[in-house]
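See structure below.
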Amino acid sequence: MNPSPDNSGAETHADARPALRELRPYLALMREHRGWLGVGALLALITLLAATGLLALSGWFLSATAVAGLSVAATQAFNFFTPAAGVRGLALARTAGRYGERLTTHEGTLRLLASLRRRLFEAIEPLSPAALQHAGQGELMTRLGADVDALDSLYVRVLIPSLVALCAVLAAGTLIGIFAPLLAAVAIIGLTLTGGLVPWLAWWRGSGDAMRHQASASQLRARLLERLHGLGELVIYGRWASELSGLAEQQATRDHIELAQARRQAFANWLSHTLLGLTLAAIALLGVMQMSPSASAVTAGESALDGRLLALFLLAVLGAFEALAPLPLAWQGLGRCLSAASRLNRVQANTPAPQFPVGQSVQTPDGHDLALQQLSVRHGETTVLDSVSLSLASGEHLALLGPSGSGKSTLLDVLSRFHAPASGSITLGGVPLESLEESTLRASFAVCPQDTHLFCASFADNLRLADPTASDATLTALLESLGLGEWLARQPKGLASFPDEGGRSLSGGQLRRFGVARALLSPAPIVLLDEPCEGLDRASAEQVMTAILAACDGRSLIMITHQPLGLERFARLALLEEGHLKEDATPTTLTADSRLARLMARA
Amino acid sequence: MTRTATSPDTAPALATASLPEQTPPDDFVARRWLESLARAGGRWPQLAILCALLSTFVLLAQAWAIAHLTQGVAIDRVGLEALWPAIAVLAASLSLRGALSGLRGYAGTRASQSIRRRLRERLLERFAELGPLWVRRQHRASLANRVWDQVESLHSYYADFRPQTRLAGLIPLLLLLVVFPLNWAAGLILAVTAPLVPIFMILVGIAARKRSEEQFQEMDRMGRHFMDLLTGLKTLKLFGAARRGPQVEAVSHAFRKRTMRVLRLAFLSSTVLEFFTAVSIALLAVYLGFHFLGHLQFGTWGDSPLDLETALFILVLAPEFYQPLRELGVHYHAKAEAEAAATDLAPILGNSPLADRENTEIDGTVAATHQETSVASSHLGLQHLTLEDIAVRYPSQYPDSTPALGPLSLHINAGEHIAITGASGSGKSTLLNLLLGFVSASDGLLYLNGHPLSHGLPAGMITWVGQDTVILSGTLADNLRIAHPHASDSALEAALNNADLLSWLHSLPAGLATRLGEGGQPLSGGQARRLSLARAFLHDAPLVLLDEPTASLDAESEARVIAALQRLGENRTLLLLTHRPELLSLCQRRIRLEEGRLAEDCPLSDAPTRGES
């Protein structure tokens, strides 16, 4: 319960700064949407030109009119129509440009996000779900979701604003460059330094903190979730108050990181303003030197700069800075995008994805006889199944018994090819499992794993995943046969009702039975059920068993269970213990000293 | 975090009891609620505002420098020797503004951080007050979401939005006070356009608001859809229904279309601001220029003519006049988020979120008042426990409806082992919750050794072994010390021995320091159950409540749990909620409940005498 040990791992991890190249696949994605983003950037450029131009032209207009106002002749000769119209035009261009820019960049970004989600989903989809959900990674899915969101902010907060800032620097440079190339160079260098160096520093110095902050926050959140879950026990044992102080302590650590980030941000703010101040001072200095009467005297008036332009230069740089100001904060968060990207890349690279054959190597099974030969399966170092040989003729019903942790569920993962065996073979209809196309494999097995996932879709749609053609009457009859009729009657819209989040509208036993119904609905010739009667009282268990056996008439069935209930109704019985197949018999051939016989007697 | 069993049959019974229903507060209440929380920020919010105001004064120096420089080169035609002070002021003022804006951000974070910390503490305290029964009725993720994400979403509100609301009023006023004495016409242009801005923003905001709520929902739906497919990936594959990439993209595009519909309107409000900023700069420039040319003569005070320096000074200040309002617009989403969070959190904490801790009774769900107790309190002893005409109704039940439990009278002597049976919904779990103090009796009284109890048995008197074992991520020793914080290692080993986990302990390389929970040593269902029993041994309370302690265990695990239960029962009173014949054999008496009432209370003839194993 001390937070320190689980921190350490994450911290050493957070210190390793992911390289920027992790972002490459996500940058490439932008190319697809360069149309919208390009128009957005162009509009941003126009808007910034208009905004800086408005201020700069106004500044020049004032200077020019003030100078002209000194002499009556100049006053009368002064063409005020063009600049005054320019000022009004720029004011409108700025307003319309900003609106258009925001709409197009958002349109482009949202299109980008749609592609990003599809790309990520398609990258994760082929990975083995068993490997993804392997021990200790239960939160992985949640984290993947959060990482996708973090990548959203890569575009919205980092890349697009950086692009706009770049445009702003170019706009200011162009505007000044028309009159004074040297000053334009100073402006571009100064603004690039401000808009490049400071965000880079913010990223370089801050990304470690950003990742530590995120790691600490997600740990804290996980711990919170866990302690809330255990609130009952903790209150009964009088431990809640000390849990609270533990949480507060851990939060203090995170708050420290947050403050360090805030300090760094404050520094970045000061630094970028100071650089801006120096840039403006340099322009003013050079400007004054070129504009001062002595300078014009030396260069005979020709190359001397018009003094009325100084306001324009200064205001143009100030205008461009507006686009640079949010960059340090955005780049400080880049660490989070990077670690999200690197985690997603790692998951894609390190999770095994089963390869399915294509073309020539595809074989078609002959019948549905299933045979396991000398099958061994490992999870890391531990051997879960050890040289298991088992065969199941088409239409046979087998009950596979064994205590929790004996490797029964792993067997289902291997049959679904979510987990690759270490050695041995599995054949279906005489063909190795690896030679089957994915569609053939999926159409051969109807699987009900221990955890039933209900999608945010109607109950009917959830069931029709297994058989899209099933009628409502079939579904209702199936649910009733599994003892879910009463539950169904209570649903406000019957089969068309939606489960609430996480399937909470069903109790654990109901959810299990719903999963069983889904598997039984599938027309696949081999049915694999993992603990279908878990959490049910005896009467319900008997009912479910009857329904299963009725639905599997003529189909092969492997039912995994640890409850010796209704076993006499199975043609074949097998006992799995510590990864070894201990017994494989029929109810009639059981000897009196067999463990299976004793288990059955106990029921 | 692991919970090693599924489906407590207590769940349906608990589900009938609903949240303390309160009418959701409207915006005004939400704002007041947020305001009352702000106190926890201390002096930091004021510092943030002060920094921004000081920054405005420095801005005046910056504007003067620019104006003075231009006047110098364009009109006065002076050289560097006369203008270098202005150049220095220009650089220094920007640097100083940077520092002030940095400090303002830091102060905002400090303010928001102490508010968030305080609120989070209050929420967690409140959860304990509302009790485990209430907590269990909530979606686990949504509670963590409230304490963590929702509180976190208040950050921008307190760090940025709230100070900005003050500044949006103060800074323009300050600038008006500066501009008016210089030129009343320019001041008038600013003063006239300024009030129009909020009016237009409100008009556009009202239209955008409803739609932006829809957008929040859409975003939520898109995120959920993605997560739903991700977590259900295994199921999709098993049914050969994967390849959902195009669907993911289609949902995202639907989201995009609806979002853009919202944004087209929402961006209008910021465009209004842009427009006024641009128009007033243009108006000022044209007015000032025409003034110089002599076409417009009004605006100055007295006879002093307008010079370029003053005119430029005003022009540079003009965009800054609207800047605070624009920033307010940028942080506007923080307000919407904070109000949404407030609407959700206010019903839990009540309308004064920082009120001191009090044990409040909410609709019959009793505040859990168990304090940190030493195990020594068990010396109080249990001689007998009596329930007299007890009736329990859950909050969702009408006062005159059939109670979930009772009326029920029962007498339990120390040392008895009692099996409590009954169909699901017969009141078993309610009885258990009553004894644990998670729910209070609406009628009748509970007596301990003849003394009436107000709610539940005192901590230290009672232990609970449920169907689920809560495993906290931490070491094995940490997980055991939940039950007895100061237990020695040898006491832990003794408890593990009693729970038949000693051989398991010896098989663990790290022993008591083995890490459990997420990413740690996995526990089988039977091991987890026996860990619960080990906690009960350690806690050493005279009364132990057990809820189907062998549910979903295989035969061998069940036998080991039963043997451990026999040891546990040697000098304790046991109440067992069970159907299993194996467990009934541990008991001397059986109580059967039916629809909350006592249906049968009889001795179990074939019960073994105590101590036999």
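The values are calculated or read from the model by the stated rules, or taken from the named source; none is laboratory data. Keep in mind that this is a model prediction, so the values were computed, not measured. Here Cβ is always computed from backbone atoms with ideal geometry, including for glycine, and neighbour counts include all displayed protein chains. Each accessible area value is taken on the protein alone, full model and side chains, heavy atoms only, with ligands, DNA and RNA left out. Shrake-Rupley method; radii C 1.70, N 1.55, O 1.52, S 1.80 Å.
Things to note:
- Taking label points 7 Å from Cα along the Cα-to-Cβ direction, A:ASN79 and B:PHE298 give a separation of 3.1 nm.
- Loop sites by DSSP among the trypsin sites (Lys or Arg not before Pro) of chain A, restricted to those with at most 16 other Cβ atoms within 10 angstrom, leave A:1-492 as the longest stretch without any of them.
- Largest to smallest in accessible area, the residues A:MET289, B:MET227 fall in the order A:MET289, B:MET227 (1.4 Å probe, all protein chains included).
- Shown for the stretch B:494-556 is the translational diffusion coefficient from the Stokes-Einstein equation, using the Kirkwood radius over Cα pairs, a temperature of 10 °C and a viscosity of 1.306 mPa s: 125 µm²/s.
- Fraction of beta bridges assigned by DSSP in chain A that are antiparallel (%, nearest 5): 50 percent
- Kirkwood-Stokes translational diffusion coefficient of the stretch A:430-483, alpha-carbon pairs, 20 °C, 1.002 mPa s, µm²/s: 160 µm²/s
- Summarising the amide proton neighbourhood of A:VAL447: residues at separation of 5 or more, or on other chains, whose placed amide H is nearer than 5 Å comprise A:LEU528.
- Close amide-amide hydrogen proximity is noted between B:GLN467 and B:ASP547, each under 5 Å apart and 5 or more residues distant or on a separate chain (H modeled in the peptide plane; Pro and chain starts excluded).
- Karplus-derived 3J(HN,Hα) values for the stretch A:435-446, using 6.51 cos²θ - 1.76 cosθ + 1.60 with θ = phi - 60°, are 8, 8, 5, 4, 5, 5, 4, 5, 6, 8, 10, 10 Hz; glycine and proline are entered as x.
- Computed E for B:LEU505/A:THR383 - FRET, C-beta separation, R0 35 angstrom, nearest 0.05: 0.90
- For the stretch B:28-34, backbone phi angles converted through the Karplus equation (6.51, -1.76, 1.60; θ = phi - 60°) give residue-by-residue couplings of 4, 5, 4, 5, 5, 4, 5 Hz, Gly and Pro being listed as x.
- Here's the picture: charge each Lys and Arg Cβ at +1 and each Asp and Glu Cβ at -1 in the protein assembly as shown, and of A:ALA248, A:ALA114, A:GLY238 the one pushed furthest to the positive end of that dipole is A:ALA114.
- Taking both sides together, the accessible area buried where B meets A is about 12900 Å² for a 1.4 Å probe.
- If the segment from A:THR546 to A:ALA349 were pulled out straight at 0.36 nm per residue, it would be longer than the present Cα-Cα gap by 66.4 nm.
- Links that overshoot a 27 Å alpha carbon limit, given the list B:LYS257/B:LYS335; A:LYS493/B:LYS428; A:LYS408/B:LYS237: A:LYS493/B:LYS428
- Hull volume per residue, based on the alpha-carbon atoms of the stretch A:338-444 and their convex hull, is 136 Å³.
- Hz values of 3J(HN,Hα) by residue in the stretch B:268-273 - Karplus curve (6.51, -1.76, 1.60), Gly and Pro given as x: 4, 5, 6, 5, 4, 4
- A cut-off of 5 Å between modelled amide H atoms, ignoring neighbours fewer than 5 places along the same chain, links B:LEU593 with B:THR421, B:GLY422, B:ALA599.
- Annotation for the stretch A:309-413: GluC sites (Glu not before Pro) lying in DSSP loop with at most 15 further Cβ atoms inside 10 Å of their Cβ are A:GLU381.
- Placing unit charges on the Cβ atoms of the charged side chains and taking the dipole of the stretch B:46-149 about its Cα centre, the candidate lying farthest along the positive direction among B:ASN145, B:TRP64, B:ALA48 is B:ASN145.
- Each Lys and Arg Cβ is given +1 and each Asp and Glu Cβ -1; about its Cα centre, the protein assembly as shown then shows a dipole of about 2960 debye.
- Cα shape, the protein assembly as shown, gyration tensor, a/c 1.5 rule: prolate
- Residue-level accessible surface for A:MET211, protein heavy atoms, 1.4 Å, Å²: 20 Å²
- Debye log10 I(q)/I(0) for the stretch B:232-286, one point scatterer per Cα, at q = 0.15 Å⁻¹: -0.65
- Taking every alpha-carbon pair under 8 Å whose residues sit at least 6 apart, chain A reaches a relative contact order of 15 percent.
- Restricting attention to the protein assembly as shown, close to 55% of DSSP beta bridges with both partner residues there are antiparallel.
- Solvent-accessible surface of the stretch B:37-130, averaged per residue with a 1.4 angstrom probe and all protein chains in place: 35 square angstrom.
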